[in-house]
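Following: one structure in structure tokens, then a few remarks.
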Amino acid sequence: MSENNYAIEPIGVIRSTLVNLADAPRQGDEGGYEAWLELAPLVAPGLVGIQVGDQLLVLTWLHHAQRDMLQVHPRGRLDAPLTGVFATRSPDRPNPIGLHQVSVLQIEGLRLKVAPIEAIDGTPIVDIKPVLTAINER
């Protein structure tokens, strides 16, 4: 697609009881699970300031996604017209970056327990960002 190549290094991994892609809800707020974000020691300083109760955006690499998909039937409904992946939340796309809004439930060292999340066990974590509000603009 491009002459440029970019490398994304995972900063951690999702640890969840959700292990089968077929069992994953389409969105976290549709029956998402509790899971642990296990982060690499190298990124520990980046966790300073995160507290229980915080709302975070977790960006993941959807490593089981089909990267050659450009059109899908939204939500897998064959009666829906084919739609470009950029107009959907389909995990199948050229760069399968997952976006998950979660709440921090617990913090144990380099592990954050969060919910709700629909990512399966072993999903690489690309980045974590706070959800910004008018009160909390970091």
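Side notes on the structure shown:
- Residue check, residue 92 charged (D, E, K, R), within 14 Å of the chain's Cα centre (by Cα), at pLDDT 90 or above and at negative phi: no
- Residue tally, condition of a type outside the set (Gly, Ala, Ser), modelled with pLDDT under 85 and closer than 18 Å to residue 125 by Cβ, over segment 28-50: 1
- The residue pairs whose first member lies in segment 44-69 and is within 19 Å of residue 12 (Cα to Cα), whose second member is polar (S, T, N, Q) and surrounded by 14 or more Cβ atoms within 10 Å (Cβ to Cβ), and whose beta carbons are closer than 6 Å, counting only pairs six or more residues apart or on different chains, are 55/103; 57/101; 60/123.
- Criterion: of a type in the set (Gly, Ala, Ser), at pLDDT 90 or above and in a loop (DSSP other than H, G, I, E, B) - qualifying residue of 53, 98: 53
- Matching residues, segment 68-98, being closer than 17 Å to residue 32 by Cα and surrounded by 14 or more Cβ atoms within 10 Å (Cβ to Cβ): 90, 91, 98
- Residues satisfying the stated conditions in segment 68-88, i.e. in contact with a strand residue (DSSP E or B) (Cβ under 8 Å, 6 or more places away or on another chain) and outside any helix (DSSP H, G or I): 70, 71, 72, 73, 82, 83, 84, 88
- Test: residue 88 is in contact with a His (Cβ under 8 Å, 6 or more places away or on another chain) and over 14 Å from residue 12 (Cα atoms): no
- In segment 56-67, the residue that is surrounded by the fewest Cβ atoms within 10 Å (Cβ to Cβ) out of those that are of a type in the set (A, V, I, L, M) and part of a loop (DSSP other than H, G, I, E, B) is 65.
The values are calculated or read from the model by the stated rules, or taken from the named source; none is laboratory data. What you are looking at is a predicted structure, and each value in this text was computed from that prediction instead of being measured. Neighbour counts are summed over all protein chains in view; Cβ atoms, including those assigned to glycine, are modelled from backbone coordinates with ideal geometry.
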